[in-house]
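One structure is given below, encoded as structure tokens.
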Amino acid sequence: MEFLTTYWNLVPVSLAQGAVYSLVALGVMIPFRLLSLPDLTSEGSFPLGGAVAAAMLASGFGVVPAIAGALLAGALAGCMTALIHLIFKVTSLLSGIIVLTMLFSVNIRVMGKPNTALFNYDTLFTKLLDADGGTPMTQFILVGAMVLTVCGVLYWLLHTELGLGLRAVGSNQIMARAQGLSSTSFVIAGLTLAGGLAALGGATMAQYQSYADVNMGVGVLVIGLAGTILGEAIWGRNTLLRQITAPVIGSICYFQFVALALSLGFRPSDLKLLTGLFVLVALGAPILREKMKSRKRNLRLIGTGNRHKRGPVPEKGRIVR
């Protein structure tokens, strides 16, 4: 029963963290699902958003300008990845690696040091909750309201002409170009939007934990991918609304699994290993399931073919010609 008590105490914290990282999961979902492009920029734009927000708050800017600045910086990072991919004909995966590598130095330049503490500055949570930043449950409610607003805006945006074009390019670039759509413009728009969402998650996380660090983005991509895959397995993605809300649901559920693992005695250092194994299983399970179905189907066909080859069974005492 002790582990249940520990888990129950971790639930509010894990809910708040899951809500924050759901913004990153949305930023991961856009290139991977809507554009069908593998992209690693979120691992660099997440700490970039945290660094910009922390630097602006420490310089005396308000919460809203700090969040807006982080959003803009992340959007520029995503745009840079798209331009490298399109202009220099580098794969989107390598373009993201180049950008996130450069952003490590940019983040130190922005903050002037590897990390910035925000304990003595007003943040989103101290402004809207209380001087202590609120309880984990009130923090979850606040971030949850922000995430729902982002999902609503994203749902509206993807129903506009821009969003429909983006979805068409991600579905089939050749067909989209045949319809007169510029795949270049929509790839830039999609990666810019994804970078901005990941940076918004970084800015929120920096204010949630009251500090920003240049290494806070390590493993963020895998967490976002795990949340997206888990959400799609639970909620599905056969409609646009489900596709948008699946990463949010998956991120919250993923951090419940993290809380359960910690309550069972796993060390925090084991979480990266568990996350990697979880993503590996989630990616491999559908493939193995399809192979098993295909194997059973082939065995049935072979059995049916053998029955046809044997022909009719002759009756006793009668010769079949």
- Conditions (1) polar (S, T, N, Q); (2) in contact (Cβ under 8 Å) with a residue 24 or more places away in the chain; (3) surrounded by fewer than 24 Cβ atoms within 10 Å (Cβ to Cβ) -> T204 fails only (3)
- Item | Residue in the stretch 157-171 that is within 20 Å of S22 (Cβ to Cβ), assigned to a helix (DSSP H, G or I) and at pLDDT 95 or above present | yes
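Please state which one of L197, L157, L193 is of a type outside the set (G, A, S) and farther than 20 Å from M80 by Cβ. Working first, answer last.
On the way: L197 fails: farther than 20 Å from M80 by Cβ; L193 fails: farther than 20 Å from M80 by Cβ.
Checking each option against the conditions leaves just L157.
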- Note on the structure: Note on G96: of the conditions (1) surrounded by fewer than 24 Cβ atoms within 10 Å (Cβ to Cβ); (2) at pLDDT 95 or above, unmet is (1)
- Item | G217 vs. criteria touching an Asp or Glu at 6+ places or on another chain (Cβ under 6 Å), at pLDDT below 95 and open to solvent by less than 10 Å² (accessible area, probe 1.4 Å) | yes
- Candidates L35, L26, filtered to the one that is more than 19 Å from I223 (Cα to Cα) and within 16 Å of the chain's Cα centre (by Cα): L35
- Item | Boolean, G236 is without any contact (Cβ under 8 Å) to a residue 24 or more places away in the chain, under 21 Å from L35 (Cβ atoms) and open to solvent by less than 30 Å² (accessible area, probe 1.4 Å) | yes
- Task: Identify, by number, the condition in (1) buried (at least 17 other Cβ atoms within 10 Å of the Cβ); (2) under 19 Å from the mean Cα position of the chain (by Cα) that Y155 doesn't meet.
- Result: (1)
- Kindly provide the set of residues from the stretch 118-151 that are open to solvent by less than 50 Å² (accessible area, probe 1.4 Å) and more than 21 Å from I252 (Cα to Cα), ordered by number. L118, T123, T126
- the stretch 1-31, residues that are under 16 Å from S251 (Cα atoms) and either open to solvent by 10 Å² or more (accessible area, probe 1.4 Å) or without any contact (Cβ under 8 Å) to a residue 12 or more places away in the chain (or both): L10, V11, P12, V13, L15, Q17, Y21
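With the structure loaded, tell me whether V143 is over 17 Å from L15 (Cα atoms) and of a type in the set (A, V, I, L, M) or whether it fails that test. Full working, then the answer.
Working: over 17 Å from L15 (Cα atoms): no; of a type in the set (A, V, I, L, M): yes.
It is false that V143 is over 17 Å from L15 (Cα atoms) and of a type in the set (A, V, I, L, M).
The values are calculated or read from the model by the stated rules, or taken from the named source; none is laboratory data. Please read these numbers as outputs of a predicted model, since none were measured by experiment. Quick reminder, even Gly has a Cβ in these numbers, built from the backbone with ideal geometry, and neighbours come from all protein chains shown. For the accessible areas, the whole protein counts, side chains as well, though only heavy atoms, and no ligand, DNA or RNA atoms are used. Shrake-Rupley method; radii C 1.70, N 1.55, O 1.52, S 1.80 Å.
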